[in-house]
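Take a look at the structure set out below.
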Amino acid sequence: MAANVTPITVPEPPRELRRIPLVSNYHSFGWISDRVAGLTEGKTPVWWWILFVPSVSLLGLLLFMLSYQISTGVGVWGNMHPVMWGWDIINFVWWIGIGHAGTLISAILFLLRQKWRTAVNRAAEAMTIFAVMCAGIYPALHVGRMWYDWWLFPIPNTYTMWPQFRSPLMWDVFAVSTYFTVSLLFWYMGLIPDLAVLRDRSKTKVRQFMYGLFSLGWTGSNRHWSNYEKAYLLLAGLSTPLVLSVHSIVSLDFAVSQLPGWHTTIFPPYFVAGAIFSGFGMVLTLLIPIRSIFKLQDLITMRHIDIMCKVTLATGTIVGYAYAMEFFIAWYSGNPSERFHFINRALGPYWWGWMLMVGCNVVVPQLFWFKWFRQNLVAVFILSIVVNVGMWFERFVIIVIGLHRDFLPSSWGYFSPSIVDMLTYLGTFGLFFTMFLLFLRFLPMIAISEVKGVIPQADPHHPMGGAKVHDVIHEKE
Amino acid sequence: MNSSSKSYGIIARFNNTASLLHAAEKVRDAGFRKWDVFTPFPVHGMDQAMGLKNSKVGWFTFVGGVTGYTTGMLMIWWMNAIDYPLVIGGKPMFSPFFAFPPSYELTILFGAFGSLFGMMFLNRLPRLHHPLLKHGQFAQVTHDAFFIVIECSDPKYSETETRKLLEQTGTPHIEMVEE
């Protein structure tokens with residue numbers, strides 16, 4: 001017995017091997033619940049109303065613009081021959097690209113065991129769902145007679161006709177609707193244990209009922225956790241090919257056509273990289289202010305910001321490589337139409353769009369190589385907005401420059417958006433921020449149970465989880 | 001044993017994951033079947049400590065995925081080649097290549113529904129009522145408390161012996177839960 005009494009000292013790992021804890025300041029389990037669930041409790045803060053009222057007003061603007069467009073026709077938009085896809089498809093691709101970071105964070109980083117994702121995945125998934133909602137408006141309305149939208153789905157009808165699946169536009173219908181549904185399922189499944197946290201803290205009958213209803217009677221049983229974790233892993237495994245396929249299929253809307261500048265095999269990976277790039281940009285844009293307002297610095301640490309900046313840098317550089325490769329292939333293919341398109345892209349009447357795209361997406365994000373920029377919240381916030389401006393112009397360049405000068409110079413044209421285009425786009429921000437603010441107010445914006453699972457106290461083999469040093473040594477043997 | 005007919009089970013509280021894990025191992029080795037561990041988050045290694053088998057959710061996902069893929073392929077073949085054949089750009093009436101993207105998406109869609117509903121089915125959720133949810137301290141389970149509950153309906157359950165077993169695990173608090 002005497003041997004057991006002698007204290008065993010575990011040597012500290014060298015400084016470079018020590019990990020920065022995911023939750024700073026060694027907070028307890030209860031602190032995490034109080035901090036995150038507390039955000040949805042108590043009186044609604046004033047700043048929330050200050051942001052919510054303009055958001056709802058913009059949502060009203062969106063509804064007004066959409067009613068005007070539906071009752072008048074697509075002619076209210078700037079789309080005009082030869083540019084028949086204008087801001088509608090630009091904004092569709094832009095919003096759906098933003099939606100890609102959520103599923104990347106929740107699914108791919110889960111499979112890669114990136115535990116830092118737990119602090120940001122809930123908000124990123126919510127962002128995904130709301131961004132896909134904004135995106136979905138455009139394809140539904142750009143068909144013109146949107147009351148025939150149901151023809152896009154294989155629903156039996158009196159004309160006894162069916163959708164035509166040889167068109168990539170049909171693939172898009174399936175990709176986007178599946179993406180929305182699966183993201184929603186994934187998000188909801190992650191919410192179940194956290195809704196139970198809110199249920200158990202509820203003081204009012206309404207909250208008890210609502211959170212009780214949606215938490216499905218969750219008790220935290222380990223038999224349940226066992227099935228839950230398996231289902232979560234499987235959903236992550238399913239969402240990973242899904243997230244890669246959605247923007248690939250969106251890119252096939254372009255790549256399957258015969259148009260110079262669109263008809264390229266690089267499009268699927270290039271679109272996916274761009275989508276993740278813009279998605280991380282939006283996550284940073286949203287989380288940096290939220291982190292300060294909600295005082296979540298211990299949960300969303302500087303390390304989280306740092307990693308997200310690095311992902312932005314990596315994907316931005318992939319996008320830059322794709323831009324260069326498009327030019328190289330245009331020259332190398334020897335196809336005169338292809339060559340003309342790329343010269344026109346950089347030097348034609350829309351040269352400024354191309355310059356903004358390259359500047360915002362490739363040049364400016366290179367600042368993230370420097371640690372000073374990644375640690376400076378104001379700089380990161382500004383850069384994250386620059387990224388999304390750049391990504392908007394990428395879609396503008398692809399669509400508008402791709403269409404405005406086709407094979408016959410007699411049919412060349414110049415596209416300008418109408419005021420309705422602009423106000424509709426502004427309105428989609430109203431929808432996005434209204435939904436996001438409601439999410440911040442009524443749902444836990446950080447995955448409480450997942451964060452609890454990654455702190456040292458959660459590990460039964462860690463001294464902070466109550467393991468005795470003797471046990472730790474014993475189990476390692 | 002009159003009281004046990006009204007009682008749902010015996011509940012023991014733990015303050016950290018290590019003591020919970022070791023207690024679960026003891027309960028498992030004692031041969032109980034109708035018992036469970038309740039935690040605010042999934043504890044690593046608890047499935048082995050409880051002696052649980054691998055979850056069966058994967059079967060639901062698999063069946064969902066296969067159904068989705070088959071549905072997609074058959075639907076597109078039937079719609080575009082049989083029920084409403086239409087020549088478009090000289091392309092074949094049916095080819096697995098153009099039918100693949102929608103079928104792939106349906107594989108994922110049905111697989112995802114299979115995972116979620118499979119999980120809910122195996123866990124018998126949604127459940128509107130549970131005896132533990134009425135228990136005063138149990139609300140802490142979503143906050144920072146860890147519990148082991150042994151149900152009275154377990155064939156090995158005995159009011160004195162089971163309580164003694166749990167006391168030996170070093171729990172600071174043992175209580176009975178009413179039905």
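The values are calculated or read from the model by the stated rules, or taken from the named source; none is laboratory data. Only a predicted model underlies this, so the values are computations on that prediction, with no experimental measurement involved. Positions of Cβ are backbone-derived with ideal geometry, glycine not excepted, and every protein chain shown enters the neighbour counts.
Mind telling me which of the residues A:144, A:136 ends up being under 19 Å from the mean Cα position of the chain (by Cα) and more than 10 Å from chain B (Cβ to nearest Cβ)?
Testing whether each residue is under 19 Å from the mean Cα position of the chain (by Cα) and more than 10 Å from chain B (Cβ to nearest Cβ) leaves just A:136.
Scan the range A:341-354 and give yes if some residue there is among the basic types (Lys, Arg) and closer than 16 Å to residue A:275 by Cβ, otherwise no.
no
Rundown of residues vs (1) outside the structural domain of residue B:17 (by TED's automatic domain parsing); (2) touching an Asp or Glu at 6+ places or on another chain (Cβ under 9 Å); (3) within 17 Å of residue A:238 (Cα to Cα), yes/no style:
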position	(1), (2), (3)
B:48	no, yes, no
B:63	yes, no, yes
B:92	yes, no, no
B:102	yes, no, yes
B:108	yes, no, yes
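Please specify each residue of the range B:114-125 satisfying the condition of being in contact (Cβ under 8 Å) with a residue 40 or more places away in the chain, within 7 Å of chain A (Cβ to nearest Cβ) and of a type in the set (A, V, I, L, M, F, W, C).
Once the filter is applied, which keeps residues that are in contact (Cβ under 8 Å) with a residue 40 or more places away in the chain, within 7 Å of chain A (Cβ to nearest Cβ) and of a type in the set (A, V, I, L, M, F, W, C), the range B:114-125 yields B:119, B:122.
Name the residue that is farthest from the other protein chains (Cβ to nearest Cβ), counting only residues in the range A:198-210 that are under 19 Å from residue A:34 (Cα atoms) and either of a type in the set (D, E, K, R) or surrounded by 23 or more Cβ atoms within 10 Å (Cβ to Cβ) (or both).
Among them, the one singled out is A:207.
Got a sec? Which of B:24, B:18 is more than 30 Å from residue A:156 (Cα to Cα), in a helix (DSSP H, G or I) and touching a Lys or Arg at 6+ places or on another chain (Cβ under 9 Å)?
Only one candidate qualifies: B:18.
Could you tell me which of the residues B:162, B:171 is assigned to a helix (DSSP H, G or I) and crowded, with 16+ Cβ neighbours inside 10 Å?
Answer to the selection: B:162.
Checking the conditions here, which among A:267, A:214, A:294, A:277 is under 28 Å from residue A:189 (Cβ atoms) and buried (at least 21 other Cβ atoms within 10 Å of the Cβ)?
Testing whether each residue is under 28 Å from residue A:189 (Cβ atoms) and buried (at least 21 other Cβ atoms within 10 Å of the Cβ) leaves just A:277.
So which residues in the range B:124-178 are of a type in the set (Lys, Arg) and at pLDDT 85 or above?
B:124, B:127, B:156, B:163, B:164
Of all the residues that make up the range A:295-320, how many are closer than 16 Å to residue A:116 by Cβ and either assigned to a helix (DSSP H, G or I) or within 16 Å of the chain's Cα centre (by Cα) (or both)?
12
Would you tally the residues in the range B:118-148 being crowded, with 19+ Cβ neighbours inside 10 Å, among the hydrophobic types (A, V, I, L, M, F, W, C) and part of a helix (DSSP H, G or I)?
6
Output the residues belonging to the range A:419-464 that are in a loop (DSSP other than H, G, I, E, B) and of a type in the set (A, V, I, L, M, F, W, C).
A:443, A:445, A:446, A:447, A:455
Mind checking whether some residue in the range A:331-339 is touching a residue at least 60 places away in the same chain (Cβ under 8 Å) and in contact with a Gly (Cβ under 6 Å, 6 or more places away or on another chain)?
Among the residues of the range A:331-339, not one is touching a residue at least 60 places away in the same chain (Cβ under 8 Å) and in contact with a Gly (Cβ under 6 Å, 6 or more places away or on another chain), which makes the answer no.
Only one of (1) more than 8 Å from every other protein chain (Cβ to nearest Cβ); (2) within 24 Å of residue A:28 (Cα to Cα); (3) of a type in the set (S, T, N, Q) is not met by residue B:162, so which one is it?
(2)
So for the range A:414-427 (the condition being surrounded by fewer than 17 Cβ atoms within 10 Å (Cβ to Cβ), within 30 Å of residue B:143 (Cβ to Cβ) and more than 14 Å from every other protein chain (Cβ to nearest Cβ)), does at least one residue qualify?
Among the residues of the range A:414-427, not one is surrounded by fewer than 17 Cβ atoms within 10 Å (Cβ to Cβ), within 30 Å of residue B:143 (Cβ to Cβ) and more than 14 Å from every other protein chain (Cβ to nearest Cβ), which makes the answer no.
Identify all residues within the range B:47-104 that are part of a helix (DSSP H, G or I), at the interface with another protein chain (Cβ under 8 Å from one of its Cβ atoms), over 30 Å from residue B:121 (Cα atoms) and not β-branched (Val, Ile, Thr); write none if there are none.
Listed by number, the residues that qualify are B:79, B:80, B:83, B:98, B:99.
Is it the case that the range A:325-337 has a residue that's crowded, with 18+ Cβ neighbours inside 10 Å and under 13 Å from residue A:276 (Cβ atoms)?
Scanning the range A:325-337, I find no residue that is crowded, with 18+ Cβ neighbours inside 10 Å and under 13 Å from residue A:276 (Cβ atoms), so the answer is no.
Return only the number of the condition from (1) in contact (Cβ under 8 Å) with a residue 24 or more places away in the chain; (2) within 27 Å of residue A:194 (Cα to Cα); (3) within 9 Å of chain A (Cβ to nearest Cβ) that residue B:131 does not satisfy.
Single failed check for residue B:131: (3).
Of all residues in the range A:259-294, which are touching a residue at least 40 places away in the same chain (Cβ under 8 Å) and part of a loop (DSSP other than H, G, I, E, B)?
Residues satisfying the conditions are A:259, A:260, A:261, A:262, A:264, A:266, A:294.
Quickly run through the range B:135-174 and pick out the residues that are of a type in the set (Phe, Trp, Tyr) and within 24 Å of residue A:200 (Cβ to Cβ).
B:138, B:146, B:147
When you scan the range A:227-240, how many residues do you find that are surrounded by fewer than 23 Cβ atoms within 10 Å (Cβ to Cβ) and within 7 Å of another protein chain (Cβ to nearest Cβ)?
2
Scan the range B:24-45 residue by residue and report those that are in contact with a Ser or Thr (Cβ under 7 Å, 6 or more places away or on another chain) and facing another protein chain (nearest Cβ under 8 Å).
Listed by number, the residues that qualify are B:36, B:38, B:40, B:41, B:43.
Within the range B:6-38, count every residue that is surrounded by fewer than 20 Cβ atoms within 10 Å (Cβ to Cβ) and among the acidic types (Asp, Glu).
Counting residues in the range B:6-38 that are surrounded by fewer than 20 Cβ atoms within 10 Å (Cβ to Cβ) and among the acidic types (Asp, Glu) gives 2.
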